[in-house]
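Reviewing the structure listed below.
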Amino acid sequence: MKNHMFREAMGKFATGITVVTTEHNNEIHGMTVNALMSISLEPKLIAISIDEKASLHKLLQETNQFGVSILQDNQKELSMVFAKQKEMVDEVEYDYIDTIPVLKQSLVTMACKVQSSVTAGDHMIFIAEVTSLDINEGSPILYYGGQYNTLSN
């Protein structure tokens with residue numbers, strides 16, 4: 001099985017889009033991530049998967065905390081900026097939850113503390129406890145078949 005075939009198959013699974021952020025040496029770092037899943041309600045655990053080549057991979061091992069911003073359908077540009085598909089035009093606006101930076105006006109923002117990590121192929125899965133969260137009204141932006149999409153009812 002070829003890598004491109006596996007990538008295409010996984011692209012048939014629609015996902016929400018998140019930006020994962022952390023602060024290191026007073027500088028905010030982040031990247032677009034669609035590999036996020038809920039693990040447990042008690043305690044409240046999530047998992048994210050980060051490529052070992054990504055700069056965030058090492059930073060999360062050092063900070064042991066991160067923010068998750070689940071993007072709204074009007075935040076496509078932010079997703080593209082943090083995925084390095086587009087240059088930043090306007091300054092990114094952040095809020096802080098439990099001293100962890102998150103993107104303003106996102107559908108959901110969460111502060112997370114890393115509980116454990118597991119190497120899985122060329123990625124590391126970070127399992128983290130959600131220590132705080134905020135929920136806003138709106139609709140998510142989705143990723144399907146290599147393209148951004150929105151919900152239509």
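The values are calculated or read from the model by the stated rules, or taken from the named source; none is laboratory data. Worth saying up front: this structure is predicted, and the values here are computed from it rather than measured. Neighbour counts run over all protein chains shown; Cβ positions are idealised from the backbone, glycine included.
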For the range 136-143, indicate whether the set of residues that are out of contact with any Gly (no Cβ under 6 Å at 6 or more places or on another chain), aromatic (Phe, Trp, Tyr), at pLDDT 95 or above and assigned to a strand (DSSP E or B) is non-empty.
no
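Any residue that is in contact with a helix residue (DSSP H, G or I) (Cβ under 8 Å, 6 or more places away or on another chain) and among the aromatic types (Phe, Trp, Tyr) - is there at least one of those in the range 10-25?
Restricting attention to the range 10-25, the residues satisfying the condition of being in contact with a helix residue (DSSP H, G or I) (Cβ under 8 Å, 6 or more places away or on another chain) are 17, 19-20, 22-24.
Add one more test, that the residue is among the aromatic types (Phe, Trp, Tyr), and what stays is none.
Within the range 10-25, not a single residue is in contact with a helix residue (DSSP H, G or I) (Cβ under 8 Å, 6 or more places away or on another chain) and among the aromatic types (Phe, Trp, Tyr).
Inspect all residues belonging to the range 126-136 and state whether any of them is over 20 Å from residue 47 (Cα atoms), of a type outside the set (D, E, K, R) and in contact with an Asp or Glu (Cβ under 6 Å, 6 or more places away or on another chain).
The initial filter retains those residues of the range 126-136 that are over 20 Å from residue 47 (Cα atoms), namely 136.
In the following step, the residues that additionally are of a type outside the set (D, E, K, R) were identified as 136.
From what's left, in contact with an Asp or Glu (Cβ under 6 Å, 6 or more places away or on another chain): none.
Checked against the condition, which is being over 20 Å from residue 47 (Cα atoms), of a type outside the set (D, E, K, R) and in contact with an Asp or Glu (Cβ under 6 Å, 6 or more places away or on another chain), the range 126-136 yields no hits at all.
Based on this model, can you work out whether residue 104 counts as free of Cβ contacts under 8 Å to residues at least 40 places away in the same chain, charged (D, E, K, R), at negative phi and touching an Asp or Glu at 6+ places or on another chain (Cβ under 7 Å)? Break it down stepwise before answering.
On the way: free of Cβ contacts under 8 Å to residues at least 40 places away in the same chain: yes; charged (D, E, K, R): yes; at negative phi: yes; touching an Asp or Glu at 6+ places or on another chain (Cβ under 7 Å): yes.
When the stated conditions are applied, residue 104 passes them.
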Residues (part of a strand (DSSP E or B) and over 16 Å from residue 147 (Cβ atoms)) located in the range 1-32:
18, 19, 20, 21, 22, 23, 24, 27, 28, 29, 30, 31
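Listed residues 51, 95, 73; which is free of Cβ contacts under 8 Å to residues at least 40 places away in the same chain and of a type outside the set (Val, Ile, Thr)? Break it down into steps so the answer makes sense when it comes.
On the way: 51 fails: free of Cβ contacts under 8 Å to residues at least 40 places away in the same chain; 73 fails: free of Cβ contacts under 8 Å to residues at least 40 places away in the same chain.
Going through 51, 95, 73 in turn, just one is free of Cβ contacts under 8 Å to residues at least 40 places away in the same chain and of a type outside the set (Val, Ile, Thr): 95.
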